[in-house]
Amino acid sequence: MVAMLSQRLTVTAAIEKLGADDPNLVTCDLANNAVLQLKTTEYVPKLAEALMANTKCRELILSGCGIDDASCEHLSKVIAHNSTLTSLNLEGNRCGNDGATELAKALATNRALIILNLLNQKCSRFGDSTLAAFTEAFDTNITLLKIVWRLESRQSFRLNKMLVRNNEIDRRIANRKDYSDLLPKGVSL
């Protein structure tokens, strides 16, 4: 039996399959889902709960789904506890400073997420306190390799520097080379 890598599902079917830890659901694509857009407050908590213990889904695509700060709070719990999810796409939603800050705090303990897409949020641009939360997350996170977003801040250079560091750590691990000199203070091998 060949596992389906990507499935286009209804929200309820996705929640059911994620909750059942369906091995065929590696990519959960709910992009631009009309039901999720209309009932975000109802379905995102259920989706997050289903993902908490899921060990099969590696990519969650929620672009254009009306994800707001409250939804980000639920998704941040997933980021903090799920050790399988490697890619989270939240492009084209309504994630503001509060929601993005919650995601950043969760990244501080996450060791699985590699890609986070926060491009084209309909709220105002991310403020300095939000970007400071992301910078702080990199004090302990050495696995996040890419954040897709548009920044207009002086902090963007520092954040980019942390992403470059994480990519170098990843490269050295892949080549079985020592990377201890790149680790932030307080993070050990």
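The values are calculated or read from the model by the stated rules, or taken from the named source; none is laboratory data. Here the structure is a predicted model, which is why all the values come from computation and not from measurement. As a convention, Cβ positions derive from the backbone with ideal geometry for all residues, glycine included, and neighbour counts pool all protein chains shown. These accessible areas exclude ligands, DNA and RNA; they are computed on the full protein's heavy atoms, side chains included. Shrake-Rupley method; radii C 1.70, N 1.55, O 1.52, S 1.80 Å.
Okay, here's what the table says:
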{"read-out": "Table column - 3J(HN,Hα) (Hz), segment 136-150, Karplus curve with 6.51, -1.76, 1.60, x for Gly and Pro", "value": "5, 4, 6, 5, 10, 8, 10, 10, 5, 9, 8, 10, 9, 6, 10"}
{"read-out": "Highest-first arrangement of 26-33, 38-45, where packing means the average Cβ count within 10 Å", "value": "26-33, 38-45"}
{"read-out": "Accessible-area composition of the chain, carbon plus sulfur, in percent [1.4 Å probe]", "value": "52 percent"}
{"read-out": "Segment 15-31 - phi-based ³J(HN,Hα) in whole Hz, Karplus 6.51/-1.76/1.60, Gly and Pro as x", "value": "4, 4, 5, 5, x, 7, 6, 4, x, 7, 9, 8, 10, 9, 10, 10, 4"}
{"read-out": "Dipole of the chain [Lys/Arg +1, Asp/Glu -1 at C-beta], most positive-end residue of GLN155, THR10, LEU103", "value": "GLN155"}
{"read-out": "Spacing of the two label points (7 Å from each Cα toward its C-beta) at GLU42 and SER83, in nm", "value": "3.5 nm"}
{"read-out": "Listed candidates (1) 17.5; (2) 16.9; (3) 19.5 - label of the one calculated as Kirkwood radius over Cα pairs in Å", "value": "(2)"}
{"read-out": "Sum of side-chain charges, THR130 neighbourhood, beta-carbon under 13 Å (Lys, Arg +1; Asp, Glu -1)", "value": "-4"}
{"read-out": "Extension gain, ASP21 back to GLU49 (0.36 nm per residue minus Cα-Cα distance, nm)", "value": "8.9 nm"}
{"read-out": "Segments 85-93, 46-54 sorted - mean Cβ within 10 Å per residue, highest first", "value": "85-93, 46-54"}
{"read-out": "For the chain, calculated [θ]222 nm from helices alone, where every DSSP H run of n ≥ 4 adds -39500 (n - 2.57)", "value": "-13000 deg cm²/dmol"}
{"read-out": "Estimated FRET transfer efficiency when R0 is 41 angstrom, pair VAL164-ALA70 (beta carbons, to 0.05)", "value": "0.80"}
{"read-out": "Protection proxy ranking, peptides 121-127, 182-188, average beta carbon neighbours within 10 Å, highest first", "value": "121-127, 182-188"}
{"read-out": "Debye, to nearest 20: dipole size of the chain, +1 on Lys, Arg Cβ, -1 on Asp, Glu Cβ", "value": "540 debye"}
